[in-house]
1. Looking at Q191, Q204, can you tell me which residue is over 14 Å from D324 (Cβ atoms) and within 13 Å of the ligand (Cβ to nearest atom)?
2. Six or more apart or on different chains, Cβ atoms under 8 Å: show the pairs whose first residue is in the stretch 85-107 and outside any helix (DSSP H, G or I) and whose second is at pLDDT 95 or above and hydroxyl-bearing (S, T, Y).
3. As an exercise: evaluate V122 against (1) within 14 Å of the ligand (Cβ to nearest atom); (2) in contact with a Ser or Thr (Cβ under 8 Å, 6 or more places away or on another chain); (3) not hydroxyl-bearing (S, T, Y) and give the number of the one condition it does not meet.
4. Let me spell it out: the conditions are (1) assigned by TED's automatic domain parsing to the domain that holds M311; (2) within 17 Å of the chain's Cα centre (by Cα), and K137 meets all of them except one. Which number is the exception?
5. Would you mind stating whether N226 is free of Cβ contacts under 8 Å to residues at least 24 places away in the same chain, surrounded by fewer than 23 Cβ atoms within 10 Å (Cβ to Cβ) and of a type in the set (S, T, N, Q)?
6. The conditions are (1) away from the ligand (no atom under 14 Å from the Cβ); (2) surrounded by 20 or more Cβ atoms within 10 Å (Cβ to Cβ); (3) more than 25 Å from L154 (Cα to Cα); (4) β-branched (V, I, T), and V271 fails exactly one of them. Which is it?
7. Which residues, taken from the stretch 232-264, are among the hydroxyl-bearing types (S, T, Y) and outside any strand (DSSP E or B)?
Amino acid sequence: MKEKNIMEYETVALDEEQRAIAIIDQTLLPGRTEIIYLRTAKEIWEAIYLLKVRGAPAIGVAAAFGIYLLAEGIDTQDYNVFREEFVKQKEYLNSSRPTAVNLSWALERMEKVCRENEEYPVAQIKERLKVEAIAIKEEDIWVCKMLGEYGLSLVNPGDGILTHCNAGQLATSKYGTATAPIYLGQEKGYQFRVFADETRPLLQGARLTAYELSASGVDVTLICDNMSAAVMRNGWIDAVFVGCDRVAANGDTANKIGTSVVAAVAKRYRVPFYVCAPTSTIDMNTPTGEEIHIEQRPAEEVTQMWYKERMAPEGIKVYNPAFDVTDHDLISAIVTEYGIARAPFTQSLQEIFERKAKMNG
Ligand code: MRU
């Protein structure tokens, strides 16, 4: 039997028959494609914390399906008892990773359903929670499609594109954010040359981006994180596209550690640096990057996790932030599903949200 292409799998799915969230365990890629089923709060929490499911939009979708399934299991007809347990489970899931705002954004959306349907029987609230979770996933697909269209308008056939980490299909429900213009260009015969940073310490660029792009037939070259200046100086890169975990109201952007280095280098070589940002990842309640909570991860990820043998002395001090903040003045544009925002971002992002409100009535 012909092996299934990685692009044919769903990153996150609700499996109603199994009463579970079905995800690709991304820690096993690219060597093994294994679908795992998450049922309990602990399983969902751990899958997010351990990056079995990762990438801001995919975390949001997993949290939405997760809280729906957990709500489904609350055995009561009493709204107050239901709500109290719902909030407890929601807070627990929300504690799994702090930086990607999509996690709390999706959980808030789900809680709103709970709040606004107080007068209905609990069984009906559960049904509405399912509808909302499915809508969050479907919207994610539409959003990525739009990011692809707006992003593609910024580049030309044959361009060299650099990307960092994995903001691809594996980080979303489909198409990815930073990869959406690449996939759309591929469909239109643009023949991009893509350079994927390996992305230490967890190698999302090597294990996931290089894998999904090559599986899609995109011309992709893997480089180490410290090579972005070299390829830009060679004149091989026409644009950088990255994803994001939280964009502050002034445009400062938290994304995978190393992103800000790429942005600074891009500025030095006059390469436009684009952030692909679903509005669900833009946090207008966070004024600047200063206020973004950056997740710190275990030292072992740096010293031994991806090595055959430990590659650092025992007991060495390690600093391992999972994300960094790219200052808004290093960003050429923020591509959203409602258009492209440019500096001054405080104003242009506000306008994006006004357009969103107008279009959604
Ligand atoms: O730690 P990860 O793998 O969840 O980090 C992922 C990133 O930083 C992505 O660039 C970001 O979430 C955007 S995904 C469309």
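1. Q204
2. Cβ pairs passing all conditions: S96/Y49; R97/Y49; A100/T281.
3. (1)
4. K137 satisfies all of (1) assigned by TED's automatic domain parsing to the domain that holds M311; (2) within 17 Å of the chain's Cα centre (by Cα) except (1).
5. The answer is yes for N226.
6. Status for V271: all satisfied but (3).
7. Correct list: T259, S260.
Here's the yes/no breakdown for (1) polar (S, T, N, Q); (2) surrounded by fewer than 17 Cβ atoms within 10 Å (Cβ to Cβ); (3) at pLDDT 95 or above; (4) part of a helix (DSSP H, G or I):
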| residue | (1), (2), (3), (4) |
| --- | --- |
| D140 | no, no, yes, yes |
| G148 | no, no, yes, yes |
| V155 | no, no, yes, no |
| C165 | no, no, yes, no |
| I182 | no, no, yes, yes |
| R200 | no, no, yes, no |
| G205 | no, no, yes, yes |
| L208 | no, no, yes, yes |
| T221 | yes, yes, yes, no |
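The values are calculated or read from the model by the stated rules, or taken from the named source; none is laboratory data. Here the structure is a predicted model, which means the values were calculated and not measured. Note that each Cβ is placed from the backbone with ideal geometry, even for glycine, and that neighbours are counted across all protein chains shown.
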